Amino acid sequence: MAKSPLDSNPLAVLDNIRVVLVNTAHPGNIGGAARALKNMGLSQLYLVAPREFPAANAVWRAAGAADLLDSAVVVETLEEAVADCGLVVATSARERRIPWPLLTPRQCGARAVAEAATHPVALVFGREDRGLTNEELQACNFHVHIPANPEYSSLNLATAVQVLAYEVRVAALEAEKGEALNYADWDRPPAKAGDMELYFEHLQQALGELGFIDPENPRQTMTRLRRLFSRVRPDDMELGILRGWLTAIQNYIYGTGGKGRPE
Ligand code: SAH
């Protein structure tokens, strides 16, 4: 892959790592997260449908980081917040039923910094009362769990942001000294999260038409396929091949000699 202009300033990668807060209930936590980010040299805050924002309480908790609240990007869905990202990591206070590829906070910092040299990276945080939904967790490449006291493992939202932001900063400082992982020497960028979503829709549709999954009840199989492709992390060209292959299968099913679905 071509050398990135970021190579000359390892700390510049921090601007390519965004923190996404999903459906935050308490604006104080948004302010606390903004402060945690700015302390660690991060700047990109995305808010998915915050329950109360802008809010005086957020500004108060942000203290000297209120500028990050002004520049925060507010969107309606997680999908919009991460559509252009090549790596999406979800945080979770609990183990889930279907295990997903896991990173420790330290591995998360190193990977985020290594990948942010070439593409945007998102770290996703859940709701104060119930975290992220299974669907949201399954929209991410990796999960990260802060190994807290198993008898009381749920950190305050802004505190969890602080822990991961710190790991990212430490990894960026290591990279500055030339001690970090380099992003794998690959000829293509990873597929973007938004394109992966389009692929999963296409896959579900084609597998339904093929009679391989019950279109009324695709859940478990689609979840396993999602996990498989999230783990593989196809590059953009590989994803294009997978889409083309699905289209060819559909053309065969429609029996129209490659002219698409019959009217
Ligand atoms: N009761 C919720 C806890 C949510 S805490 C649950 O059981 O899921 C709010 C958010 O803070 C979580 O969604 C996650 O983003 C982050 N968080 C809290 N504790 C964490 C931990 N130990 N590891 C990783 N993220 C954590």
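None of the figures in this text is laboratory data; all of them are computed from the coordinates on show. Because the structure is predicted, anything quoted here is derived from the model rather than measured. FYI the Cβ positions are ideal-geometry reconstructions off the backbone, even for glycines, and counts take in every protein chain you see.
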Q.
To the nearest 20 Debye, how big is the dipole of the stretch 5-176 about its Cα centre, given +1 on the beta carbon of each Lys and Arg and -1 on that of each Asp and Glu?
A. 440
(Q) Counting just the Cα atoms, what span does the stretch 76-223 cover along each of its three principal axes? Round to the nearest Å and put the largest first. (A) 53, 44, 27
Q.
Multiplying the sequence separation of Asn134 and Arg51 by 0.36 nm and subtracting their Cα-Cα distance, what value in nm do you get?
A. 27.8 nm
Q: From the C-alpha gyration tensor of the stretch 9-159, pull out the three semi-axes of the equivalent ellipsoid (sqrt of 5λ each), sorted largest to smallest, in whole Å.
A: 22, 19, 15
Q. Can you list the chymotrypsin sites (Phe, Trp or Tyr not before Pro) in the stretch 180-258 that are in a DSSP coil and have 14 or fewer other beta carbons within 10 angstrom?
A. Trp186, Phe212
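Pulled fully out, how much extra length does the chain show between Arg94 and Thr247, if you take 0.36 nm times their separation in residues and subtract their Cα-Cα distance? Each step should come with its number before you reach the end.
Working: separation 153, 0.36 × 153 = 55.08 nm, distance 3.85 nm.
Stretched out fully, the Arg94 to Thr247 stretch lengthens by 51.2 nm.
Give me Leu228, Leu210 ranked fewest to most by other Cβ atoms within 10 Å of their Cβ, as a rough exposure proxy.
So the ranking, lowest neighbour count to highest, is Leu228, Leu210.
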Q) What base-10 log of the normalised intensity I(q)/I(0) is obtained for the chain from the Debye formula, alpha carbons as equal point scatterers, at q = 0.12, 0.15 Å⁻¹? A) -0.75, -1.08
Q) Which order results if Met40, Met237 are arranged by neighbouring Cβ count within 10 Å, fewest first? A) Met237, Met40
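Relative contact order, percent, of the chain when contacts are C-alpha pairs under 8 Å separated by at least 6 residues? Each step should come with its number before you reach the end.
Values: 455 pairs, mean separation 56.9, N = 263.
22 percent.
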Q: Bin all alpha-carbon pair distances of the stretch 193-255 at 10 Å intervals from 0 and give each bin's fraction as a whole percent.
A: 21, 54, 25, 1
Q. Most fluctuating residue of Ile146, Ile30, Ile98 in a GNM of the chain with Cα springs under 10 Å: which is it?
A. Ile98
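Relative contact order for the stretch 126-263: what is it in percent, counting Cα pairs under 8 Å that are at least 6 residues apart? Don't jump to the answer; show the numbers that get you there.
Details: 78 pairs, mean separation 34.9, N = 138.
Contact order relative to length: 25 percent.
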Q: Please identify every one of the GluC sites (Glu not before Pro) in the stretch 134-217 that sits in a loop by DSSP and has no more than 16 other beta carbons within 10 Å of its own beta carbon.
A: Glu151, Glu179, Glu216
